[in-house]
Amino acid sequence: MSAANQPAAGASAESNQPIVFLLDCDNTLLDNDALKAYVDTTLTAALGAPLTARFWAIYEDVRLATDVVNYPATLERFATVCPDPALAARARAVVLDCPFPRFVYPETLAVLAHLRAIGHPAILSDGDAVYQPEKIARSGLAAAVDGRVLIYIHKEDHVPEVLAAWPASLYVAVDDKARILAELKRRDPARFVTVHVRQGHYGLDPTPFPPAPDLQLAAIGDLRRYAAADFWRLRAP
């Protein structure tokens, strides 16, 4: 793909307008699989294997009940079954005091700096209303996108709110989940370009979700190879 700085010949005047980049967080900007593995290892050291297994069973029960990963609700429910309040407090500290910056992908901040030079990067994330914004803020990601962060349980169901929050003629959605990218593309194909980052367990899932993403990347760092004009070329006619 060319890295030219000018729109393709015949491009509309819209191509001179800023692009809004809608970037997922987990396994797109931040290695959430590694973060979860860290929590598991640290919990096991603090609680022992049986209590840690109980914690993850509650985690899955909460996720099924609320349709979202919800660590605060998991911790509250775990505290009611944990035989020792001190151990429940240790579990809470392990989960909520994670060293989040450690799990930001090495090239993420450079990518966000590149996107700021060619448009407006923003984080559009799935997640709960407490832990997810804390993770995004304390990892440094919120500051790297100038505070442009929106979080929903199902972000693909909130397209009108997203477009109203960050008006633009072109949106580039960057995500590890092909299913979400396909849904965004179906809802507004003329204004969405979709970029599938093949990181994490969802990103490596071979299941196709039509329409196919406009661009597939092996890693988030590959976004630095693309200029604004490249994304305008990828836009649907």
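The values are calculated or read from the model by the stated rules, or taken from the named source; none is laboratory data. Not measured: the values here are computed from a predicted model. No Cβ is skipped: glycine too gets one built from the backbone with ideal geometry, and neighbour counts run over all protein chains shown. Surface accessibility is based on the protein's heavy atoms, side chains included, excluding ligands, DNA and RNA. Shrake-Rupley method; radii C 1.70, N 1.55, O 1.52, S 1.80 Å.
The residues on offer are Ala88, Ala117, Ala129, Ala144, and the sole one that is out of contact with any helix residue (DSSP H, G or I) (no Cβ under 6 Å at 6 or more places or on another chain) and over 21 Å from Pro167 (Cβ atoms) is Ala129. Note on segment 146-237: enclosed strands (runs of 3 or more DSSP E) holding 3 or more residues that are open to solvent by less than 30 Å² (accessible area, probe 1.4 Å) and in contact with a strand residue (DSSP E or B) (Cβ under 9 Å, 6 or more places away or on another chain) are 171-175, 192-197.
Residues in segment 1-49 that are part of a loop (DSSP other than H, G, I, E, B) and of a type in the set (A, V, I, L, M) were compared, and the one that is modelled with the lowest pLDDT is Ala4. Check segment 158-178 and report whether any residue there is hydroxyl-bearing (Ser, Thr, Tyr) and without any contact (Cβ under 8 Å) to a residue 60 or more places away in the chain. No, every residue in segment 158-178 fails to be hydroxyl-bearing (Ser, Thr, Tyr) and without any contact (Cβ under 8 Å) to a residue 60 or more places away in the chain. Within segment 75-106, the set of residues being part of a loop (DSSP other than H, G, I, E, B) and either within 24 Å of Asp175 (Cα to Cα) or among the aromatic types (Phe, Trp, Tyr) (or both) comprises Cys98, Pro99, Tyr105, Pro106.
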